[in-house]
Each structure stands twice: as C-alpha cells, then as structure tokens.
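The values are calculated or read from the model by the stated rules, or taken from the named source; none is laboratory data. Just so it is clear, the model here is predicted, and its values are computed rather than measured. Every residue, glycine as well, gets a Cβ built from its backbone with ideal geometry; the counts of neighbours run over all protein chains shown.
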Amino acid sequence: MPMLAELLDAVVGVDTHRDTHEVEIALPTGTPLATCSISNDSGGYAELIDWIAQHTPGPRLLIAIEGTRSYGVGLARAAIAAGLVVIECAQPARGARRGKGKSDPIDAHLAVLTALRLDANRLPIPRADGDREALRILISARDELTTVNTAQTNRLRALLLAGDDTDRQLARARLTAAVLAGLIRRRLPRDADRVQAIRQVEIRRLALALRDAAQALRANRTQLAGIVEDLAPGLTARPGIGPVSAAQVIVSFSHPGRCRDDAAFAALGGISPLQASSGRTVRHRLNRGGDRALNKAIHVIATTRMRDCPTTRAYVARRTAQGKRPQEIRRCLKRYIARQLHRTLTNTMTTAAHHQPLEGHPRPLDNT
C-alpha cells in the first residue's frame, strides 16, 4: 500500500483557531517551503488558496486541516469548493510534541508530518455536509429536547406527588396529551393558600412546556424521516430501524468510502469485539470505544428486533439453546446489523447521490 508521501508534490498543514489559522506548505520529504497566517473568514480562505497556488511545486496537493468540524469547518468547505483534497488531522499527541515545544507554527508542521505518514488508501476524509449536516443538527436538537423534557417531567411528577390523592395518581400515571391538557385547564380553588397557588402556576407552566416539547419532538421526527428517505431510500423499512436510529447511522456513516468496509464501520461504532485472552483462556470482550451514539443506535435496532422480529427471535432462541448468554447474543446481532447497514448505505447512498449529491466529497488523488 503506497504512503501518502509517495503520491504528492506538496502537502499543506493547517493549525486552526477561532480568529486565525497557521499554515505551512512542505515537500513530501517534510521540508517546509513556506508558512503564513490567515484570518478565519472568507477573505482569509481566498488568500490562502491564492497563496497555495503560488507556492506549490506541482498539481498533486493535499491539505490537512485540524478540526474540520470545528474552527476549521469554513476553511475545509472553501478548500473542497476550490477542488483541493482535504483530510482531517487530529491534534498532535503529547509524544509527538515531546522535545519540540508548543506553538502554532509547530502544530502546523506536525499536521504536515502526520499527513505524510498516512496510508494513501485510508485517508481520514472529512464528514459530508449537505443533508448529512442537516440530520446532525436535528439529532443534536432532539437530544437537547429529550434531556430538557425528562427533567421537566420529573419536576412535574414531584409537584403532583405533593398534592392531593388525585394529583398523586396522576404523578404515577403516564403523562399523556389528555392529562397535560387537563393540568393546563385546571382552575385554582378559591380557598387555596399561597403554596397551592404557586404550585398550580408551576404545574401549568411545566404542562405547557411538555406539550410544546412533544409537538417539537414529533416535528423533529417527521423531518428526520423525510431526510433519511431522501438519502437512503427504504432504510426505515427494514426491521427495527426507525427515523431516529437511521438518522444517527447516516450521520456516523457520512458517505460511501469513509469506512473502507463493514469491519471498519463496526469498529467506528465500538461494535467489533476485542481480544481479552490470557494463558489458556481464549475469549473476547465488548469494545467500549468508538462512536457511542452510533453504538446506541445499533443497540436500539438490535433490541427492537429481538422483541418484534420473528427471524431474530428464532435466532436468539437457537443461540440460547447453544448456551450463549444474552450479552453474547446481542453482541453478535449488533455486529451483523453493522455489516447490513454498511452494505445498505454504501449501495443506496451511492445510487441516491445521482439525484441528491452530498457535499464534501473531495476529488481522488492522482495515482498515476
């Protein structure tokens, strides 16, 4: 497998910050050619692209940017729009800094060296923009809504528990739309004291907030379902896959080619088993690393299939008869689901790209 340094005429390393970026352009040997500092705005991006054109010794060029989804997101988009190959560069580890010190020019040079050591077939390509970014925003909003909704539900139940027998029964029951509507319409007794009045005002406020949150969550789910169907038609028709889980899988998958195969996708989600053998003991354990949001989404899919899918239930029964524990069965199911999702998304998103292309796909390196 060729190293990236064998295919390039030059590489650009960028250390990103809120206000400015430090940039270095170097030869494939790692020898610096020039450095500059640009502002983190459209004018700075245009200045950098012109500067690169003036200093590059050849057409085969790659730009390694630290933080392509953070301070470097604007530069990454501008570079991709200009036809440059962009890769994500992780922050330098302490070992790489040892003996070199810490400064922005040093970090830009370390970004160059990190890029040159990469395998040309396994480049950390930035995640896609477009509809994938829309899904990410909706998922973040849904997580916030869910967290706030849970806290407000707990507060409302606590207030109801401090009331009369009717309120205590409501606190133990499910807070449906009808229950919330009744709490919103409820009148305060004329002989109520100050504590009762304040409690009722707060109960009404929380009931209104929960009603609005439920409407927002429904609208969020509808938006997720529409975008998921556009990006990966038929994905939610598979057993156990709802719009929320499908959206998270697509966000983590990003675009065909980000993960070279289903094993890499499973490793990304912390689903691949890890060796835990010692001496005569040969076993595997769960992988607790990776993208935990992706792991959670696939866990939900597996749990839903174990409950509702006849084929999966038959598989669980067969493996249980073989002496497998529920944790082992679920781990095997999650690995199978990761393989199925990777193949499905690779096929459906590649086909859908002709109708609704994802932004952020860099052109491949010239390997001739």
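Checked against the criterion of being farther than 30 Å from Leu217 by Cβ, of a type in the set (D, E, K, R) and not assigned by TED's automatic domain parsing to the domain that holds Ser254, the stretch 131-141 has no qualifying residue. Note on the stretch 243-262: among residues that are farther than 11 Å from His342 by Cβ and in contact (Cβ under 8 Å) with a residue 60 or more places away in the chain, the one that is surrounded by the most Cβ atoms within 10 Å (Cβ to Cβ) is Ala247.
Give the residues of the stretch 5-26 that are buried (at least 17 other Cβ atoms within 10 Å of the Cβ) and farther than 13 Å from Ser70 by Cβ, sorted by residue number. Once the filter is applied, which keeps residues that are buried (at least 17 other Cβ atoms within 10 Å of the Cβ) and farther than 13 Å from Ser70 by Cβ, the stretch 5-26 yields Ala5, Leu8, Ala10, Val11, Val12, Gly13, Glu22, Val23, Glu24, Ile25, Ala26. Scanning the stretch 170-202 for residues that are of a type in the set (A, V, I, L, M), under 14 Å from Leu160 (Cβ atoms) and outside any helix (DSSP H, G or I) returns Ala173, Leu175. Restricting the first member to the stretch 113-137 and to residues that are free of Cβ contacts under 8 Å to residues at least 12 places away in the same chain, and the second to residues that are of a type in the set (Lys, Arg), no beta-carbon pair is closer than 7 Å while six or more apart or on different chains. For Leu188, are the conditions met, namely being of a type outside the set (Ser, Thr, Tyr) and within 24 Å of Leu217 (Cα to Cα)? Taking the combined requirement at face value, the residue does not satisfy it. Take the stretch 1-46 and flag every residue that is part of a helix (DSSP H, G or I), more than 21 Å from Leu118 (Cβ to Cβ) and out of contact with any Ser or Thr (no Cβ under 8 Å at 6 or more places or on another chain). Hits for the stretch 1-46 are Ser42, Gly43, Tyr45, Ala46. You will find that of Arg339, Arg363, Arg343, Arg335, the residue that is basic (Lys, Arg), at pLDDT 50 or above and more than 18 Å from Gly234 (Cβ to Cβ) is Arg335 and no other. Answer with yes or no whether Thr31 is surrounded by fewer than 20 Cβ atoms within 10 Å (Cβ to Cβ), farther than 25 Å from Arg260 by Cβ, out of contact with any helix residue (DSSP H, G or I) (no Cβ under 8 Å at 6 or more places or on another chain) and touching a residue at least 40 places away in the same chain (Cβ under 8 Å). The answer is no for Thr31.
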